[in-house]
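Enquirer: First, the structure itself, so that you have it in front of you.
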Amino acid sequence: MPVFDYEDIQLVPNKCVIESRSEADTTIKFGPMTFKIPVVPANMATTIDEQLAVWLAQNGYFYIMHRFDDQDQRLQFVRKMHDQGLFASISVGVKAEEYALIDELAKEDFVPEYVTIDIAHGHADSVIKMIHYIKENLPGSFVIAGNVGTPEGVRELENAGADATKVGIGPGKACITKLKTGFGTGGWQLAAVRLCAKAASKPIIADGGIRNNGDIAKSVRFGASMVMIGSLFAGHEETPGEIVIENGAKYKTYYGSASQYQKGEYKNVEGKKLLVPYRGRIADTLREMQEDLQSSISYAGGKDLNSLRKVDYVIVKNSIFNGDSY
Ligand SMILES: NC(=O)C1=CN([C@@H]2O[C@H](COP(=O)(O)OP(=O)(O)OC[C@H]3O[C@@H](n4cnc5c(N)ncnc54)[C@H](OP(=O)(O)O)[C@@H]3O)[C@@H](O)[C@H]2O)C=CC1
Ligand SMILES: Nc1nc2c(ncn2[C@@H]2O[C@H](COP(=O)(O)O)[C@@H](O)[C@H]2O)c(=O)[nH]1
């Protein structure tokens with residue numbers, strides 16, 4: 001089994017068939033909707049909030065609201081998005097109160113277009129039970145489930161009824177799962193995406209480890225329909241982390257969903273807090289991602305994202321480390 005990560009791979013160019021990069025189509029149909037690019041900010045408290053969700057939905061981008069607001073806030077979020085004519089995309093966990101949220105949504109007939117079941121170790125009966133429950137009570141919702149890191153995980157969640165699966169155990173920048181538990185796809189996330197995509201019969205989201213815009217094209221090459229990104233988005237004006245000035249430079253805080261900052265206590269901590277450079281407006285970053293992806297499509301010798309899926313690649317090195325530290 002070839003083992004590699006984003007920095008180990010380069011895609012091999014093909015003859016260009018377009019006259020301008022602007023002709024390259026980066027749109028992706030994911031579930032019931034089509035989005036401008038196959039990219040979604042991570043469903044974390046420092047990368048998405050209600051205001052940004054509204055902006056993303058209004059501007060043709062996918063979003064997944066995080067699950068760290070209480071049940072009533074998440075219920076009202078769905079209502080507010082629908083009142084504005086926008087799609088609703090929420091996250092849930094697997095604890096008892098999350099079942100109560102599904103009950104309330106069903107009772108009020110607030111059916112989110114997307115529901116993401118998001119726990120650290122998603123290859124679990126608790127997730128399978130929740131998939132069944134959502135499919136039974138909110139049959140109109142597109143269900144994303146995760147996170148998993150193996151083909152078996154993908155297949156079991158798909159067989160349980162998940163419409164898409166989210167792949168990535170521990171490759172995130174705020175993640176310390178590999179260090180704390182010894183497990184995960186940190187350091188070989190792209191190879192894990194490849195393995196999982198080969199087993200998948202439905203779309204997968206590559207989640208975590210994206211450090212450069214070119215990694216988006218690489219994720220698509222290895223089978224991702226959507227790419228979830230945390231740290232590269234956390235430094236924007238519109239993202240919710242705090243602004244911090246250090247030695248005259250501007251940063252924003254970014255912390256893991258399993259960090260003590262998110263949990264409020266030091267228990268089962270698998271995430272850390274860090275500062276990421278301030279990056280200005282998110283619209284500019286999203287535009288640059290789209291332009292870079294259009295360029296990738298031109299190097300692939302095609303006109304749309306599908307052309308990326310067929311390109312050759314080379315493994316240019318094979319260093320299984322990614323600079324994790326506490
Ligand atoms: N993608 C990744 O690599 C990771 C992501 N995260 C993110 O952090 C957030 C919090 O995650 P999580 O701690 O799962 O959420 P929760 O604290 O909500 O846990 C969800 C449920 O799963 C149980 N659970 C969690 N981990 C395990 C495990 N390893 N084995 C058995 N049961 C488990 C919990 O019980 P109990 O707490 O009693 O064990 C709880 O009942 C999520 O948003 C998740 O995506 C966290 C770690 C890794
Ligand atoms: N192991 C942990 N993973 C986490 C935690 N909080 C979030 N995440 C995952 O990271 C990605 C984002 O990765 P990035 O490389 O783009 O920064 C996110 O979508 C989650 O899957 C955590 O506390 N521990």
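Derivation of every value follows stated rules applied to the coordinates shown; laboratory data play no part. It should be emphasised that the depicted structure is a prediction, and the values quoted were computed from it without experimental measurement. Cβ atoms come from the backbone with ideal geometry, glycine included; neighbour counts cover every protein chain shown.
Enquirer: From the list Val276, Val269, exactly one residue is in contact with a Gly (Cβ under 9 Å, 6 or more places away or on another chain), assigned to a strand (DSSP E or B) and among the β-branched types (Val, Ile, Thr). Which is it?
Expert: Sole residue among the options that is in contact with a Gly (Cβ under 9 Å, 6 or more places away or on another chain), assigned to a strand (DSSP E or B) and among the β-branched types (Val, Ile, Thr): Val276.
Enquirer: Identify all residues within segment 279-310 that are closer than 17 Å to Pro240 by Cβ and either part of a loop (DSSP other than H, G, I, E, B) or not hydrophobic (A, V, I, L, M, F, W, C) (or both); write none if there are none.
Expert: The answer is Arg279, Gly280, Arg281, Thr285.
Enquirer: In segment 156-170, what count of residues is obtained for those that are more than 16 Å from ligand 1 (Cβ to nearest atom) and out of contact with any helix residue (DSSP H, G or I) (no Cβ under 7 Å at 6 or more places or on another chain)?
Expert: The qualifying residues number 3.
Enquirer: Being within 14 Å of ligand 1 (Cβ to nearest atom), touching a residue at least 60 places away in the same chain (Cβ under 8 Å) and buried (at least 22 other Cβ atoms within 10 Å of the Cβ) narrows it down to one residue among Gly184, Gly149, Gly153, Gly209; which is it?
Expert: Exactly one residue qualifies, and that residue is Gly209.
Enquirer: Then there is this: Please go through (1) assigned to a loop (DSSP other than H, G, I, E, B); (2) within 16 Å of ligand 1 (Cβ to nearest atom); (3) in contact (Cβ under 8 Å) with a residue 24 or more places away in the chain for Asp69 and return the number of the only condition it doesn't satisfy.
Expert: For Asp69, the failing item is (3).
Enquirer: Working only within segment 33-56, note down all residues that are touching a strand residue (DSSP E or B) at 6+ places or on another chain (Cβ under 8 Å), within 22 Å of Gly140 (Cβ to Cβ) and more than 13 Å from ligand 1 (Cβ to nearest atom).
Expert: Within segment 33-56, Thr34, Phe35, Val40, Ala53, Leu56 qualify.
Enquirer: Test each condition in (1) out of contact with any helix residue (DSSP H, G or I) (no Cβ under 6 Å at 6 or more places or on another chain); (2) free of Cβ contacts under 8 Å to residues at least 40 places away in the same chain; (3) away from ligand 2 (no atom under 13 Å from the Cβ) for Pro203 and report the one that comes out false.
Expert: So Pro203 meets the others, but not (2).
Enquirer: Also: Quick check on this structure: which one of Ala197, Ala191 is within 20 Å of Met228 (Cβ to Cβ), away from ligand 1 (no atom under 16 Å from the Cβ) and not acidic (Asp, Glu)?
Expert: Ala197
Enquirer: Out of (1) of a type in the set (A, V, I, L, M, F, W, C); (2) away from ligand 1 (no atom under 16 Å from the Cβ); (3) buried (at least 17 other Cβ atoms within 10 Å of the Cβ); (4) over 21 Å from the mean Cα position of the chain (by Cα), what's the single condition that is false for Leu101?
Expert: (2)
Enquirer: Of everything in segment 87-124, what is of a type in the set (Ser, Thr, Tyr) and under 22 Å from Ile204 (Cβ atoms)? Give them in sequence order. Steps first, please.
Expert: Within segment 87-124, the subset of a type in the set (Ser, Thr, Tyr) is 89, 91, 99, 114, 116.
Residues satisfying the conditions are Ser89, Ser91, Tyr114, Thr116.
Enquirer: Just name the residue that is nearest to Pro277 (Cα to Cα) out of those in segment 215-239 that are assigned to a loop (DSSP other than H, G, I, E, B) and touching a residue at least 40 places away in the same chain (Cβ under 8 Å).
Expert: This residue is Gly235.
Enquirer: Sticking with this structure for a sec: Does Thr116 qualify as being of a type in the set (Ser, Thr, Tyr), more than 10 Å from ligand 2 (Cβ to nearest atom) and more than 21 Å from Phe222 (Cα to Cα)?
Expert: Details: of a type in the set (Ser, Thr, Tyr): yes; more than 10 Å from ligand 2 (Cβ to nearest atom): yes; more than 21 Å from Phe222 (Cα to Cα): yes.
Yes, satisfied.
Enquirer: Please indicate, with yes or no, whether at least one residue in segment 119-134 is more than 13 Å from ligand 1 (Cβ to nearest atom), charged (D, E, K, R) and either more than 28 Å from Leu274 (Cα to Cα) or surrounded by 20 or more Cβ atoms within 10 Å (Cβ to Cβ) (or both). Outline the logic, then answer.
Expert: Step one: list which residues in segment 119-134 are more than 13 Å from ligand 1 (Cβ to nearest atom), which gives 131-134.
Next, only the ones that are charged (D, E, K, R) stay: none.
No, segment 119-134 has no match at all.
Yes or no, residue by residue, for (1) of a type in the set (A, V, I, L, M, F, W, C); (2) on the phi < 0 side of the Ramachandran plot; (3) out of contact with any Ser or Thr (no Cβ under 8 Å at 6 or more places or on another chain):
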| position | (1), (2), (3) |
| --- | --- |
| Leu56 | yes, yes, yes |
| His66 | no, yes, no |
| Gln73 | no, yes, yes |
| Arg79 | no, yes, yes |
| Asp83 | no, yes, yes |
| Ser91 | no, yes, no |
| Glu98 | no, yes, yes |
| Leu101 | yes, yes, yes |
| Lys107 | no, yes, yes |
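Enquirer: Among the candidates Lys263, Lys252, single out the residue that is over 23 Å from Gln10 (Cβ atoms), within 16 Å of ligand 1 (Cβ to nearest atom) and among the charged types (D, E, K, R).
Expert: Going through Lys263, Lys252 in turn, just one is over 23 Å from Gln10 (Cβ atoms), within 16 Å of ligand 1 (Cβ to nearest atom) and among the charged types (D, E, K, R): Lys263.
Enquirer: Being over 20 Å from Thr116 (Cβ atoms) and of a type in the set (Val, Ile, Thr) is the filter; apply it to segment 221-256 and report the residue that is surrounded by the most Cβ atoms within 10 Å (Cβ to Cβ). Spell out the reasoning first.
Expert: The initial filter retains those residues of segment 221-256 that are over 20 Å from Thr116 (Cβ atoms), namely 221-222, 235-238, 241-253.
If we keep only those that are of a type in the set (Val, Ile, Thr) too, we end up with 243-245, 253.
Working: Ile243: 12, Val244: 13, Ile245: 9, Thr253: 18.
Restricting to residues being over 20 Å from Thr116 (Cβ atoms) and of a type in the set (Val, Ile, Thr), the top hit is Thr253.
Enquirer: Here are some residues: Glu19, Glu23, Glu7, Glu50. Which one is under 27 Å from Ala258 (Cβ atoms) and either more than 15 Å from ligand 2 (Cβ to nearest atom) or crowded, with 21+ Cβ neighbours inside 10 Å (or both)? Show your work before the answer.
Expert: Numbers: Glu19 fails: under 27 Å from Ala258 (Cβ atoms); Glu23 fails: under 27 Å from Ala258 (Cβ atoms); Glu7 fails: either more than 15 Å from ligand 2 (Cβ to nearest atom) or crowded, with 21+ Cβ neighbours inside 10 Å (or both).
Exactly one of Glu19, Glu23, Glu7, Glu50 is under 27 Å from Ala258 (Cβ atoms) and either more than 15 Å from ligand 2 (Cβ to nearest atom) or crowded, with 21+ Cβ neighbours inside 10 Å (or both), namely Glu50.
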